[in-house]
1. Could you check how many residues of region B:3-22 are part of a strand (DSSP E or B) and within 11 Å of another protein chain (Cβ to nearest Cβ)?
2. Which of the residues that make up region A:57-74 are within 14 Å of another protein chain (Cβ to nearest Cβ) and within 15 Å of residue A:21 (Cα to Cα)?
3. With a cut-off of at least 3 residues that are within 25 Å of residue B:110 (Cβ to Cβ), name the strands (runs of 3 or more DSSP E) lying wholly within region A:1-47.
4. Which condition does residue B:102 not pass, out of (1) within 14 Å of another protein chain (Cβ to nearest Cβ); (2) in contact (Cβ under 8 Å) with a residue 12 or more places away in the chain; (3) assigned to a loop (DSSP other than H, G, I, E, B); (4) surrounded by fewer than 22 Cβ atoms within 10 Å (Cβ to Cβ), if it passes all the others?
5. Against the definition (out of contact with any helix residue (DSSP H, G or I) (no Cβ under 8 Å at 6 or more places or on another chain), in a strand (DSSP E or B) and within 20 Å of residue A:103 (Cα to Cα)), how does residue B:45 come out, yes or no?
6. Which condition from (1) exposed (fewer than 15 other Cβ atoms within 10 Å of the Cβ); (2) modelled with pLDDT of 95 or more is the one that residue B:15 breaks?
7. Would you please name the residue that is nearest to the chain's Cα centre (by Cα), looking only at residues in region B:1-44 that are free of Cβ contacts under 8 Å to residues at least 24 places away in the same chain and more than 13 Å from residue B:86 (Cα to Cα)?
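The values are calculated or read from the model by the stated rules, or taken from the named source; none is laboratory data. None of the values given here were measured: they were computed from a predicted structure. All Cβ positions, glycine included, derive from the backbone under ideal geometry; neighbour counts span all protein chains shown.
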């Protein structure tokens, strides 16, 4: 079945790098997404990667994809207190109905200490 | 600015009452979605609609109903049959272009529903 797993909590010091990990089970995933949720708000799309790519970099964000191990990570360089939020990994699974349906992980709470 | 508007931001429901959450988008997206978020959990799909006048049940549709009479609107009704409605409800939309294409979902700011 479809499942996405994330660790629940990560704490880092301001200025350090953060690495948030995600594993998924469905090998037919096409696109994988990272979303950020600040308290009381909706989800903000941070970045995405297509399944035939290994890496994507966008300013302070680096996404690594190991398709063999079904492992996705998000690295945030020079983490700031404003990066404190919940980060969700999501996979888009292709199916006959083509719903554009996303499967979300439980979210990783990132705490950035000054 | 283009985006997704959810209203109200906070909503209270009495026992036995139906309540309706509004979701409007001006992104010209075909597909719209409703999710429920409980503390410490990911998002669970309630209903989705790929096109006007059509919608499908998600993973937790019981106790909810939707309509899609207009492309830009996808209201969610939480009925009295939903015995544990307290949660944060998120509406999303995507372009709905086709299979194999990048279709990120864009989210509204959510409605927090509580029981009185």
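1. We begin by selecting, within region B:3-22, every residue part of a strand (DSSP E or B); these are B:4-7, B:10-13, B:19-22.
Imposing the further condition that a residue be within 11 Å of another protein chain (Cβ to nearest Cβ) reduces the set to B:4-6, B:10.
Of the residues in region B:3-22, 4 are part of a strand (DSSP E or B) and within 11 Å of another protein chain (Cβ to nearest Cβ).
2. From region A:57-74, those within 14 Å of another protein chain (Cβ to nearest Cβ) are A:58, A:63; that's our starting set.
The one that is within 14 Å of another protein chain (Cβ to nearest Cβ) and within 15 Å of residue A:21 (Cα to Cα): A:63.
3. Filter on region A:1-47 gives A:4-6, A:18-24, A:29-37.
4. (2)
5. It is true that residue B:45 is out of contact with any helix residue (DSSP H, G or I) (no Cβ under 8 Å at 6 or more places or on another chain), in a strand (DSSP E or B) and within 20 Å of residue A:103 (Cα to Cα).
6. (2)
7. The first filter runs over region B:1-44 and keeps only residues free of Cβ contacts under 8 Å to residues at least 24 places away in the same chain, leaving B:1, B:39-42, B:44.
Filter once more, so that each one left must be more than 13 Å from residue B:86 (Cα to Cα): B:1, B:40-42, B:44.
Values: B:1: 21, B:40: 19, B:41: 17, B:42: 15, B:44: 11 Å.
This residue is B:44.
For (1) crowded, with 21+ Cβ neighbours inside 10 Å; (2) closer than 28 Å to residue A:33 by Cα, each residue gets a yes or a no:
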position	(1), (2)
B:27	no, yes
B:30	no, yes
B:34	yes, yes
B:45	yes, yes
B:54	no, yes
B:73	no, yes
B:79	no, no
